[in-house]
Amino acid sequence: MPTWIGQAARNGIVTSRYPAEPATDAEVPETARPPIPLRGDAALHDGVARCPVGAISEEELDRGKCIRCARCRPAGFEFRGPVEASTGRRAELRVGSAAPAGPGLVEALPPLVGFPRSLHVFLVDAGSCNACNLEVLALANPLYDSQRLGIFFTSSPRHADVLLVVGIPTPEMAPAVLRAYEALPAPKAVIAAGVCPISGGAFAGTPGLLAGLEELVPVDVFVPGCPPAPVEILDAILRVHGRARTAGGD
Amino acid sequence: MSAVRPSETEPFDPYGPERALAYSPEDATFALFNDYATGRPVLRHGIRIPVPTEVRATWQRSRTPELTRSAGPMETIEGYGIFTFPYGPVSMGVPESGKFEVRTYGERILSLEPVTGFKSRRILTSIAGQPISDGALRIERLAGNFSAAHAAAYLAAAESAAGIEVPEGELWVRALAQELQRIYNHVHVLARLAEAASQNVGAAQTHALAEEMLRIQGSIFGHRWLFGALLPGGPRRHLDAADRRDLGRRLNLHSEQFERLWELFLGSRTFIDRIQATCPVRREEALRWGAVGPTLRACGVAWDDRLRVPVTPYNDLFLELSQESAGDALARMLVRAREVQSSYLLLEQMLDRWPRDPGRLLSPAPPVAPGRGLARVESPSGDLVYDVTASDGRVTRIGMRAASQANIPLFARGLRNGVFTDFHFAWESFGLVFAEIDA
Ligand code: SF4
Ligand code: SF4
């Protein structure tokens with residue numbers, strides 16, 4: 001007679017070792033990784049021409065715009081960047097091709113003070129495709145098990161420390177995002193997860209949509225990716241807490 | 001303006017140059033239906049399907065403005081102590097943003113009206129005038145967990161409009177991607193239902209199985225959600241024999257694990273009792289309001305685009321139609337579970353019989369009219385239609401009808417007389433996605 005407990009035992013689900021160990025390829029597959037422009041690659045020019053969202057120039061790559069579509073890949077790009085690409089400053093998402101990403105490129109933010117040991121996160125969908133939402137929800141599944149790190153998702157902004165926003169803010173959602181932000185008690189942090197709330201991502205420039213979450217509320221951490229993988233979102237949440245891995249450092 | 005009764009239908013003629021998916025000047029008062037007797041699509045008026053204002057504005061109005069907004073499936077119920085309770089758009093337990101206006105006197109739901117449009121990213125409008133391949137980037141991000149279905153339908157319609165033939169191997173890759181994603185979505189629905197029923201161990205195991213499918217997709221296509229996997233005219237990823245063996249091996253393990261979990265769910269009285277009789281849809285209602293997908297098949301209607309629309313490779317493969325008759329959340333889940341099984345079987349057949357000559361050029365969709373393409377695919381939640389007009393490699397007009405748009409009125413009706421605690425079971429059992437309703 002099969003039972004759930006027997007099933008759970010035989011199944012042997014392996015919970016991610018992240019952040020104690022680096023993210024694996026299974027957790028963040030190739031093109032879901034941040035692209036790194038390769039210095040001096042003659043083909044970079046073609047890659048720049050192929051980018052559908054203008055995320056790259058010969059000089060730099062803007063991870064806040066890059067939708068990781070890999071169209072530039074055959075030319076001068078490698079999708080092997082560290083998953084710890086989130087930053088507290090929008091400008092830091094721009095990486096120069098002259099200085100490929102490496103250890104220490106992204107400094108861990110100083111912890112945003114005032115948070116207790118555990119962190120409560122409130123998710124707001126400002127206009128997403130649902131993939132970002134599902135990647136955030138995946139953090140609760142046993143393969144990521146965010147609770148082991150003291151991260152909990154709440155269903156009310158009044159009990160949250162962190163506002164995690166996904167999707168490009170639509171004018172219809174903007175008031176609701178603002179209301180949620182105001183409902184969070186201080187101290188509070190805002191995470192913009194995915195390129196949609198950072199720059200509009202694939203929808204950048206659509207008339208009528210906001211250019212990014214920063215037009216609405218101050219953003220503390222930007223998480224590039226389309227969508228960011230669960231461990232990348234985890235990294236950003238830990239960053240708020242000052243517990244993140246340093247980029248590139250294994 | 002003359003009122004149109006909700007049950008009125010007119011034949012939908014895909015060959016008429018200006019007739020397909022014509023939006024009414026009022027708030028979207030039509031839906032595209034299947035005539036289940038003849039197999040032909042029909043237009044039915046008087047049903048509110050939200051369509052973004054811009055879409056309406058840019059669409060050529062081929063229809064005279066004689067349609068009127070009807071109350072649709074929802075009418076206001078008045079009485080002592082009855083009030084309207086706004087639910088959403090955030091913090092509603094459903095992880096997407098959307099809103100419902102619920103008429104209630106406390107516990108029982110008297111009526112429920114979905115208010116959509118919160119997430120409208122103006123995608124269809126923004127694609128008009130763009131090259132077909134740039135449109136594809138937005139379409140696959142229209143509803144991330146249905147990306148393969150949307151991309152496949154959009155591409156087939158756009159390619160057929162532009163007169164582009166597609167290598168047979170690419171059509172197989174598109175079908176393969178869709179079947180993988182169908183399994184992911186159905187397993188995800190099962191996990192969410194288990195979660196709602198507080199079946200914690202089962203939910204955790206099932207979520208892990210859904211995650212494994214994302215990882216399979218990630219390792220095969222380089223992207224967990226298959227973005228960029230399907231490209232106009234040809235694949236980014238050719239599956240060679242070694243890839244296919246590897247995929248087959250991982251799918252075998254996946255299906256064995258699914259069978260074990262499903263058996264446990266079927267043996268769980270608490271789980272089955274909780275979803276049985278929840279949010280029922282009667283057959284006549286499903287036909288009247290135009291339900292699609294597992295919602296439709298769960299109330300005894302045998303319709304699956306994969307069997308009805310003759311495209312490669314489905315026309316070469318064996319597929320058993322899953323059907324139930326009770327129409328409730330349990331019936332929908334039973335249909336999904338059997339579809340998971342039949343998708344494994346489809347994938348096995350595909351991997352076994354991969355075309356010898358993958359470069360042979362084929363038309364991706366049955367022809368409609370020069371410069372115009374119409375494609376229908378069975379997305380995880382049901383029939384998905386794209387209607388694209390293109391010239392010089394650019395999209396000039398685009399219309400779309402998603403499964404969630406067709407099914408949301410049935411969800412709203414099914415919850416009538418239900419209680420609030422039914423809400424999540426009902427929602428998950430329909431597999432509705434606001435992202436594709438709002439687009
Ligand atoms: S992955 Fe796509 S969006 Fe990113 S730089 Fe390359 S072409 Fe541009
Ligand atoms: S960032 Fe990408 S995955 Fe996330 S909501 Fe936007 S389009 Fe979807």
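The values are calculated or read from the model by the stated rules, or taken from the named source; none is laboratory data. On a predicted model such as this, the values are computed, not experimentally measured, just so you know. Here the Cβ positions follow ideal geometry from the backbone for every residue, glycine too, while neighbour counts run over all protein chains shown. The protein model used for the area step is the full one, side chains on, heavy atoms only, and it has no ligands, DNA or RNA in it. Shrake-Rupley method; radii C 1.70, N 1.55, O 1.52, S 1.80 Å.
The figures follow:
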item: Evaluation of residue B:342 against (1) touching a residue at least 40 places away in the same chain (Cβ under 8 Å); (2) surrounded by fewer than 23 Cβ atoms within 10 Å (Cβ to Cβ) (one fails), failing number; result: (1)
item: Tally of residues being of a type outside the set (Gly, Ala, Ser) and within 30 Å of residue B:175 (Cα to Cα) across segment B:265-287; result: 5
item: Breaking point among (1) modelled with pLDDT of 90 or more; (2) surrounded by fewer than 20 Cβ atoms within 10 Å (Cβ to Cβ); (3) more than 10 Å from chain A (Cβ to nearest Cβ), for residue B:251; result: (2)
item: Residues of segment A:26-68 that turn out to be under 27 Å from residue B:215 (Cα atoms), within 14 Å of chain B (Cβ to nearest Cβ) and among the small types (Gly, Ala, Ser), as a count; result: 3
item: Residues satisfying the stated conditions in segment A:30-68, i.e. without any contact (Cβ under 8 Å) to a residue 60 or more places away in the chain, within 16 Å of ligand 2 (Cβ to nearest atom) and open to solvent by less than 10 Å² (accessible area, probe 1.4 Å); result: A:31, A:35, A:55
item: Number of the condition not met by residue A:71 [criteria: (1) within 28 Å of residue B:212 (Cα to Cα); (2) more than 19 Å from the chain's Cα centre (by Cα); (3) more than 16 Å from ligand 2 (Cβ to nearest atom)]; result: (3)
item: Among (1) surrounded by fewer than 24 Cβ atoms within 10 Å (Cβ to Cβ); (2) closer than 20 Å to residue A:69 by Cβ - the single one residue B:241 does not satisfy; result: (2)
item: Failed item, numbered, when residue A:31 is tested on (1) assigned to a helix (DSSP H, G or I); (2) more than 14 Å from ligand 1 (Cβ to nearest atom); result: (2)
item: Selection count where residues are among the hydroxyl-bearing types (Ser, Thr, Tyr) and in contact with a Cys (Cβ under 9 Å, 6 or more places away or on another chain), scope segment B:311-343; result: 1
item: Residue check for residue B:368: at pLDDT below 90 and among the β-branched types (Val, Ile, Thr); result: yes
item: Test: residue B:348 is within 21 Å of residue B:287 (Cβ to Cβ), of a type outside the set (Lys, Arg) and either assigned to a loop (DSSP other than H, G, I, E, B) or at pLDDT 90 or above (or both); result: no
item: Single unsatisfied condition, residue A:225 versus (1) out of contact with any His (no Cβ under 9 Å at 6 or more places or on another chain); (2) away from ligand 1 (no atom under 16 Å from the Cβ); result: (2)
item: Where residue B:388 falls short, out of the listed (1) at positive phi; (2) within 19 Å of the chain's Cα centre (by Cα); result: (1)
item: Helices (runs of 4 or more DSSP H) (entirely within segment A:160-250) containing at least 2 residues that are closer than 22 Å to residue B:144 by Cα and within 13 Å of ligand 2 (Cβ to nearest atom); result: A:195-199, A:230-240
item: Qualifying residue in segment B:167-176 (condition: in a helix (DSSP H, G or I) and within 12 Å of chain A (Cβ to nearest Cβ)); result: no
item: Residues satisfying the stated conditions in segment B:198-220, i.e. surrounded by fewer than 22 Cβ atoms within 10 Å (Cβ to Cβ), of a type outside the set (A, V, I, L, M, F, W, C) and facing chain A (nearest Cβ under 7 Å); result: B:215, B:219
item: Sole exception among (1) in a helix (DSSP H, G or I); (2) within 16 Å of ligand 2 (Cβ to nearest atom) for residue B:152, by number; result: (2)
item: Counted residues, segment B:107-140 - those being more than 9 Å from every other protein chain (Cβ to nearest Cβ), part of a loop (DSSP other than H, G, I, E, B) and in contact with a Phe, Trp or Tyr (Cβ under 8 Å, 6 or more places away or on another chain); result: 2
item: Condition check for residue B:307: under 17 Å from the mean Cα position of the chain (by Cα) and surrounded by fewer than 16 Cβ atoms within 10 Å (Cβ to Cβ); result: yes
item: Selection from segment A:14-29 of residues that are buried (at least 23 other Cβ atoms within 10 Å of the Cβ) and within 16 Å of ligand 2 (Cβ to nearest atom); result: A:28
item: Number of the condition not met by residue B:364 [criteria: (1) within 26 Å of residue B:291 (Cα to Cα); (2) not in a loop (DSSP other than H, G, I, E, B)]; result: (2)
item: Residue A:232 being within 14 Å of chain B (Cβ to nearest Cβ), at pLDDT 90 or above and under 13 Å from the mean Cα position of the chain (by Cα); result: yes
item: Single condition residue B:230 does not satisfy, out of (1) within 10 Å of another protein chain (Cβ to nearest Cβ); (2) closer than 25 Å to residue B:122 by Cβ; (3) outside any helix (DSSP H, G or I); result: (1)
item: Test: residue in segment A:138-152 that is within 15 Å of ligand 2 (Cβ to nearest atom) and more than 10 Å from chain B (Cβ to nearest Cβ); result: yes
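Conditions (1) within 11 Å of chain A (Cβ to nearest Cβ); (2) at pLDDT 80 or above; (3) surrounded by fewer than 24 Cβ atoms within 10 Å (Cβ to Cβ), marked per residue:
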{"position": "B:49", "(1), (2), (3)": "no, no, yes"}
{"position": "B:60", "(1), (2), (3)": "no, no, yes"}
{"position": "B:63", "(1), (2), (3)": "no, no, yes"}
{"position": "B:68", "(1), (2), (3)": "no, no, yes"}
{"position": "B:75", "(1), (2), (3)": "no, no, yes"}
{"position": "B:83", "(1), (2), (3)": "no, no, yes"}
{"position": "B:142", "(1), (2), (3)": "yes, yes, no"}
{"position": "B:156", "(1), (2), (3)": "no, yes, no"}
